[in-house]
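Chemist: Pasting in a structure now, in structure tokens, and then I'll have a few things to ask.
Laboratory data are not the source of any read-out in this text; all were calculated from the coordinates shown. These numbers were taken from a predicted model, which means no experiment stands behind them. Reconstructed Cβ throughout: ideal geometry from the backbone, glycine too, with neighbour counts over all protein chains shown.
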Amino acid sequence: MNVILFSRNGIHHNDSYRQDAVAVFVPSRDQIRRFSDIPSVNDKSVRDRYGDVGQMPLWRMEGNTVVVYGLLPEDLAERRHAIEVFLPEDFVPAGSSVFYYLFGDRWIVHGLRSITDDGAETWGISRFDIKGQDPVQAMVGAISERQVMGNRENICIAVHSNEDALQKLTDEMRPFDLEVVKFETLNVDKDKKPLYLHRDFGMALLVAAIFALLVCVASIGFALMTYNDTKTLDERIMELEAQIRKSQTSTKLGSIKNPTEILKALAKPLQQRPSAIMHAAGDVSTVFGQLQKLELDTEGDRVTTRAGRRNTTNSKSAKKEATIDVVATITSDGTSYLLVDQERVAKSALESRPWIRKLERMPSSGANNISLRIGVQVE
């Protein structure tokens, strides 16, 4: 059995820090307090009532009274392994009125039972540090003094973690007809509840950690699967979109060979009506001859130019963008004009029609036709 001996001054004896332990607490007389006015008895309410909230109180119910014997050191409260805290008198066999415990080769714990006037049993506990002394002789001296008093008492003598002292003390106690036992053989009465108890949560923490690891691995696997599925779906969507674009490009709707491009052109808002643009282009085309064909370019041949505009408030000029739609026309009987005359006619037409921003002759297939590209300002 792993045994820990401690008091308000700290831990005095500890067999091991890595095992479950039974702790023996030696209280001081000035630490013990009794409360009978705590409505809901629990660790928090007792700690608040005791007035020392920094540490866990060591307490026990005795009838309707809460008896606080002291405080648990932080070193023991932070132990991962299980620990139970009892008083020294909790280990005394029934009928004993005096006990002597030897822990290791340094500490002796002595207890003496007394009965109060109202019949209540109380124990006076003492702790002795025998550092530098022979533990056997110290125990023999203390027990001999008690025997000299001549009182008939049942004395409990126990030794822990010192086999050599146990054997020697057994030999020394034979003349007194006293038995020396190992402290591990002493049992606590089942009715005695520990002053403090916490279990070993190491296995629970290990299981929780393994479960968390499994959940993490499963989450990563699910994320990878979802990513792969999403990537496959994205590739499939891109493939279908490419097929749709290819199908739309090759589609012929009646006499319209490229309906998609026409829809795109129609989707763009214009400040001028298409009929007004066509009329302006046709009007300027008639100065060169009879208009035979007029069409609006839908191939995206829209040109953006910059025109200067004088600012009346200062000497600086502001720039204004003008968008031009190009309209192709074909006129007949244009051969009656020489090229110089056609240029003169074009300049005259541009001067009288400021909304015509561009007038360009294109190569024509017919001998009597003139092919023109006309830019009309729409914004």
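Chemist: In region 15-101, what percentage of the DSSP-assigned beta bridges are antiparallel, given to the nearest 5?
Modeler: Expressed as a percentage, antiparallel bridges in region 15-101 total about 70.
Chemist: Given the pairs K44/K193; K131/K190; K293/K347; K293/K358; K44/K192, which are separated by over 24 angstrom at their Cα positions?
Modeler: K131/K190
Chemist: Between E360 and F35, how many nm apart are label points set 7 Å from Cα along the C-beta direction?
Modeler: Between E360 and F35, the simple spin-label model gives 9.8 nm.
Chemist: Could I ask something else about it? Can you work out the base-10 log of I(q)/I(0) for region 1-95 at q = 0.14, 0.17 1/Å, using the Debye formula on its C-alpha atoms alone?
Modeler: -0.54, -0.79
Chemist: Starting with the highest mean, order 222-232, 187-197 by the number of other Cβ atoms within 10 Å, averaged over the residues of each peptide.
Modeler: 187-197, 222-232
Chemist: Separate question: Could you tell me whether region 28-83 comes out rounded, prolate or oblate from its Cα gyration tensor? Rule is a ≥ b ≥ c as square roots of the eigenvalues, rounded for a/c under 1.5, then prolate if a/b exceeds b/c, otherwise oblate.
Modeler: prolate
Chemist: Set the Förster distance to 22 Å, then compute FRET efficiency between L214 and R80 from the Cβ-Cβ distance, nearest 0.05.
Modeler: Result of the calculation: an efficiency of 0.45.
Chemist: How many percent of DSSP beta bridges within region 86-164 run antiparallel, rounded to 5?
Modeler: DSSP beta bridges in region 86-164 are roughly 70 percent antiparallel.
Chemist: Another one. Among 103-111, 38-46, what's the highest-first ranking by average C-beta atoms within 10 angstrom per residue?
Modeler: My ranking of the peptides, most packed first, is 103-111, 38-46.
Chemist: By how many nm would the segment from R344 to R174 lengthen if fully extended, with 0.36 nm per residue of separation less the alpha-carbon distance?
Modeler: Net length gain for the segment: 46.5 nm.
Chemist: Next question. Highest first, please rank the peptides 289-297, 55-63, 238-246 by the mean number of other Cβ atoms sitting within 10 Å of their residues.
Modeler: 55-63, 289-297, 238-246
Chemist: Now for a separate question. Rounded to two decimals, what is the ratio between the C-alpha radius of gyration of region 61-126 and 2.2 N^0.38 Å?
Modeler: For region 61-126, the normalised Cα radius of gyration is 1.36.
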